[in-house]
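Working notes, structure below.
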Amino acid sequence: MKKLFLAALAIAGALTMSAQEPDLEAIAKMKNIKADSLAMMLGKVYGTQAAMNHTTPDARKALIKAFDETINAEKLDEQYSEGASLANEFFRVAQDMKKRNGIEMKSGSFAQALRDRFADTTIHMAMNQEVQTINNEAKKLIQELTAMHADTTGTVDKALVNLKSDSLSRNMGRFYGMQMQAMIKQKKLTAEQQAKLLEGFNSAINVDESNKPLIDGRMLGNDFNGLQQNIKRQMSLNIKKDLFTTTVINILNDPKVPTADEFKAIDTETQGYFRQVQAFAQENSPEALTNRTLGKKYIENLMEKDPGYIQTPSGLVYKMTNPGKGNKFEANDKIKVMYKGTHVDGKTFDESKEPVTFAPSQVVPGFREALLLMRPGSKMTAVLPQELAYGARGAGQSIKPYETLIFEIETIGLDDTAKDAKDAKPAAKPAVKASTAKADNAKAVKPAASKAKKATATKKAAKKSRRK
């Protein structure tokens, strides 16, 4: 079994919470306050960017109209809205590709490929295999088109550029057509609902591509719908549409044209606040509240029943069942250890079958503190409150966020065969700095109105927590 506790996470100590019983009513009120503030700040980001891109009154008026129509689409027509959002996503990608790579994508080729793939139910290729094939093709086309765009010799074959751009547009259409098929299966859509899905797509894709205010207004509305869903799913916060919309429209109704520096300042402030809200939501999620409460009660009951347990100023609770002999270990010592780790419910999550060697500097704070209290031959039961264990991150699939952990530890002695600690290859990668971990975690939803990839930082954080 992997030695999960060896992945020392410095972030755990940075995300400590009060051990008091959670005030659920106060937490709910604070969630609403933070959600409202975030809605308005996000509105400022998106509204400011839209105002920078559309400076005339007529353009802004057209953008507001398209934005308002998109954001207030009838909720009863869920499939219609889903279809329209796919078209809006194409325009977003097309704008991004033109800006970054000089690639002109074609809505007609995209739409036809999507409809063809959507109608084709005979494909027997596994979906993940089809995704991989499409992605590989797209990657190759983008590389080739980017190289052509960068060629300033004047020898580039424009017909070939158009052909490859057309292929890339069809490539994207096949991908979204496949996504629509997956949606049909997942949601078990009726024939009528499938027709609505396609109707919504057709209505949004068949627009005048030169009408930038119309396209940007629709994308802005689509952005909010996506943001609202992601924030609710990831943080259990309800971002109010009216606060976001009012903020956006007020900025667009102001004849002033924001500067790039003003936008940067607003965007930076919003991203900082977003990270704060994300941390608050994580610390006060139902799972976090439950695990912290269980850990607190476990420690209270344990110390009440057994006065042999000692609690250190850091919060570590331990009972030395064998003091051992000799000097206490030091931070860089290489120590032979046997251990068993359990949850508060008594279930084992990790156990050494034979002695393992590592230094106190290589493990989580609570385990480190316990080892520095021990000598060769010591035996101890150590209870690590969540802030001294893995805190908000948890570890792999076995240790959930904010879990209190119990370790039975036996130190065999120093490992004389190990290299000196400063030269030894660590059993785990160095601790992740709290600032870095927080920044990575905050990327789950980017508040800026950019064409960000939708890769979740949640996956990144999970990978990091499993590293050894």
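Report the full-extension gain for the segment Glu408 to Met30: residue separation times 0.36 nm, less the Cα-Cα distance, to one decimal in nm.
Here the segment from Glu408 to Met30 would lengthen by 132.2 nm.
Neighbouring Cβ atoms within 10 Å as the yardstick, rank Tyr390, Tyr80, Tyr309 fewest first.
Listed from fewest to most nearby Cβ atoms, that is Tyr309, Tyr80, Tyr390.
Determine the dipole magnitude for segment 24-283: charges of +1 sit on the beta-carbon of Lys and Arg, -1 on that of Asp and Glu, nothing else is charged, the reference point is the Cα centre, and the result goes in debye to the nearest 20.
380 debye
Roughly how many whole Å is it from the C-alpha centroid of segment 266-285 to that of segment 191-234?
So the separation of the two Cα centres works out to 27 Å.
If you keep only loop residues by DSSP, which GluC sites (Glu not before Pro) in segment 197-281 have at most 10 other Cβ atoms within 10 Å of their Cβ?
none
Quick one: net charge around Glu408, please, counting Lys, Arg +1 and Asp, Glu -1 for every other residue with C-beta under 13 Å from its C-beta.
Around Glu408, the surrounding residues sum to 0.
How high is the FRET efficiency from Asp68 to Asn238, r the C-beta distance, R0 30 Å, rounded to 0.05?
The formula returns an efficiency of 0.90 here.
Mind listing the phi-derived Karplus ³J(HN,Hα) values for segment 97-112, rounded to whole Hz, using 6.51, -1.76 and 1.60 with θ = phi - 60°, and x for any glycine or proline?
Calculated HN-Hα couplings, in order: 5, 5, 5, 8, 10, x, 9, 9, 8, 10, 5, x, 5, 4, 5, 5 Hz.
Quote the charge dipole size of segment 287-431 about the Cα centre in Debye, to the nearest 20; the model charges only the Cβ of Lys and Arg (+1) and of Asp and Glu (-1).
Computed charge dipole of segment 287-431: roughly 80 debye.
Which translational diffusion coefficient, to the nearest whole µm²/s, is obtained for segment 287-431 from the Stokes-Einstein equation, given a Kirkwood hydrodynamic radius over C-alpha pairs, 37 °C and 0.692 mPa s?
Taking Rh from Cα pairs, D becomes 211 µm²/s.
Once you compute Rg and the Kirkwood Rh from C-alpha atoms, what is the Rg to Rh ratio for segment 24-283?
1.00
For a protection proxy built on the mean count of beta-carbon atoms within 10 angstrom, sort 26-38, 357-369 highest first, please.
357-369, 26-38
Read-outs: derived from the displayed coordinates by stated rules, not from any lab. Remember, predicted model here, so these are calculated numbers, not experimental data. For neighbour counting, all protein chains shown are included, and Cβ atoms are generated from backbone atoms with ideal geometry for every residue, glycine included.
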